[in-house]
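Below: the structure, in C-alpha cells.
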Amino acid sequence: MTEGTTSAAAAEGGDTLTRLEQEGEIAADYLEGLLDIADLDGDIDMDVEADRAAVSIISDSASRDLQKLVGRDGEVLEALQELTRLAVHRETGDRSRLMLDIAGFRAKKREELAALGAKAAEDVKASGEPLKLAPMTPFERKVVHDAVAAAGLRSESEGEEPQRFVVVLPA
C-alpha cells in the first residue's frame, strides 16, 4: 500500500467516526427533548460500537421510570430507536444504523442472546441436526448469528417479519 492510499484510508476512517459521532449527538439532542416532554430523568451516553453510533439512556436512581421507555419485551425501545433514526435521517439525509439502549435493557438482552446462540451451537454439534429458534427481531438475530459463528458453526435467518427466525446449521 502506498503512503497516499494509507492516508486516504485513515481519512475515510476519521470521516466515518466523525459522521457516527454526529449521529450520536443528533440522537442525544432528540432523546433529551423526549425525556423533557415525558418529564423523565435520565442521562445520555454516546459511543461508537461496531461501525454504528450507540446511544444509551441511563439513570442513577433505582426508579422504574425508564422502564416505561423500554416497554414489554423492548417494544417501546424498538419504536423509540426507529424514531431516533428518523430524526438523525432528517438532519443528515443519511440512513442511520444507530443502536439505542435504555436502562441497560439491550445490553442484558445481548448477553442472554449470546448465551442462547452458544447453547444452540453446542446442541447442534452434539445432535448433528439443524435447530430452529423462536422468532426474533433483527437485533436479536444478529446477536445469535454472531454467537453461533464464534462457536464455529453457520446459521441463517428464515421466514418473514415478524416471524423471522434463526436456524443453526451443523458443520
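The values are calculated or read from the model by the stated rules, or taken from the named source; none is laboratory data. What you are looking at is a predicted structure, and each value in this text was computed from that prediction instead of being measured. Cβ atoms come from the backbone with ideal geometry, glycine included; neighbour counts cover every protein chain shown. With ligands, DNA and RNA removed, areas are computed over all heavy atoms of the protein, side chains included. Shrake-Rupley method; radii C 1.70, N 1.55, O 1.52, S 1.80 Å.
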Inset, instruction - Hey, can you tell me all the residues within region 97-116 that are in a strand (DSSP E or B) and in contact with a Gly (Cβ under 9 Å, 6 or more places away or on another chain)? - result: Ile102
Inset, instruction - Return the total of residues in region 84-96 being in a helix (DSSP H, G or I) and of a type in the set (Asp, Glu). - result: 1
Inset, instruction - Quick one: count up the residues across region 103-119 that are touching a strand residue (DSSP E or B) at 6+ places or on another chain (Cβ under 8 Å), open to solvent by 40 Å² or more (accessible area, probe 1.4 Å) and basic (Lys, Arg). - result: 0
Legend entry - In region 35-83, residue surrounded by the most Cβ atoms within 10 Å (Cβ to Cβ) [restricted to those that are more than 20 Å from the chain's Cα centre (by Cα) and part of a helix (DSSP H, G or I)]: Leu35
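With under 30 Å from Asp41 (Cβ atoms), touching a residue at least 24 places away in the same chain (Cβ under 8 Å) and buried (at least 16 other Cβ atoms within 10 Å of the Cβ) as the only criterion, which of Leu100, Leu153 stands out?
Criteria check complete, one pass: Leu100.
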Legend entry - Any chance Glu91 is open to solvent by 40 Å² or more (accessible area, probe 1.4 Å), in contact with a helix residue (DSSP H, G or I) (Cβ under 6 Å, 6 or more places away or on another chain) and not aliphatic (A, V, I, L, M): yes
Inset, instruction - Tell me the strands (runs of 3 or more DSSP E) entirely within region 123-171 that contain at least 1 residues that are among the polar types (S, T, N, Q) and farther than 13 Å from Leu113 by Cβ. - result: 154-158
Inset, instruction - Mind listing just one residue for me: the one in region 129-148 that is under 24 Å from Gln81 (Cβ atoms) and open to solvent by 40 Å² or more (accessible area, probe 1.4 Å) and, of those, farthest from the chain's Cα centre (by Cα)? - result: Ala134
